[in-house]
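First the structure, in the form of structure tokens, and then the observations on it.
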Amino acid sequence: MTPEEVFLKLVHGVADRDFAVLPELYAEQTDVRHPMNPYGDHPLLSRAALAEHFGVNGPRVSELVRFQPANIRVHQTADPEVIVAEFDYAGTVLATGEPFTAPAIFVLRVRDGLIVESRDYIDHLAMIRARGQVEQLITHLREPATAPAAS
């Protein structure tokens, strides 16, 4: 599969809640990061970590909102393994019927049809609002930052 085909399988798989199949789009050893996550970037470095991520977070999100990727624009780069994809997750809050949009940009490196690296920049605040979790985020942000480990 081309990088664009892998990306499309990924975002449609997330929207279709195909959480058991999504990890198969990644290499055994990978590097997936969410640099703009207000809860902190917790790198996912293996297919097993991604299976846990999708298995835990996917159902929690899907019980609150439904969404589909929209306005997809995929940009090729000078490196044939790397694409930059701009899109929106456009959806509905299940409890209220309220629509929401969460813009996103994914930078993917796909080798031999598998994602080996990804930087996922998503409007986490839009998703947090849609899931009704603003107060949880505020509580998290008020907690003292943990000190870096001594070296």
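The values are calculated or read from the model by the stated rules, or taken from the named source; none is laboratory data. The structure displayed is predicted, hence computed values, not measured ones. Positions of Cβ are generated from backbone atoms using ideal geometry, with glycine treated the same way; all protein chains shown enter the neighbour counts. Surface accessibility is based on the protein's heavy atoms, side chains included, excluding ligands, DNA and RNA. Shrake-Rupley method; radii C 1.70, N 1.55, O 1.52, S 1.80 Å.
Before moving on, here are some points about what is shown:
- Some residue of the stretch 61-83 being of a type in the set (D, E, K, R) and within 20 Å of A20 (Cα to Cα): yes
- Selection from the stretch 100-116 of residues that are surrounded by fewer than 18 Cβ atoms within 10 Å (Cβ to Cβ) and within 16 Å of V74 (Cα to Cα): P103, I105, V107
- Verdict on R119 being of a type in the set (K, R) and either open to solvent by less than 50 Å² (accessible area, probe 1.4 Å) or in contact with a Pro (Cβ under 8 Å, 6 or more places away or on another chain) (or both): yes
- Per the conditions (1) of a type in the set (S, T, N, Q); (2) loosely packed, with under 13 Cβ neighbours inside 10 Å; (3) modelled with pLDDT under 95, the sole criterion not satisfied by N37 is (2).
- Residues being under 15 Å from I122 (Cα atoms), open to solvent by 50 Å² or more (accessible area, probe 1.4 Å), acidic (D, E) and out of contact with any Pro (no Cβ under 6 Å at 6 or more places or on another chain) are entirely absent from the stretch 53-71.
- Matching residues, the stretch 122-142, being buried (at least 17 other Cβ atoms within 10 Å of the Cβ) and either in contact with a Phe, Trp or Tyr (Cβ under 7 Å, 6 or more places away or on another chain) or of a type in the set (F, W, Y) (or both): A126, A130
- Residue satisfying all of: in the stretch 57-72; at pLDDT below 85 and out of contact with any helix residue (DSSP H, G or I) (no Cβ under 9 Å at 6 or more places or on another chain); nearest to E135 (Cα to Cα) among these: R60
- Residue that is most open to solvent (accessible area, probe 1.4 Å), among those in the stretch 1-34 that are of a type in the set (A, V, I, L, M), touching a residue at least 40 places away in the same chain (Cβ under 8 Å) and closer than 28 Å to L64 by Cα: L8
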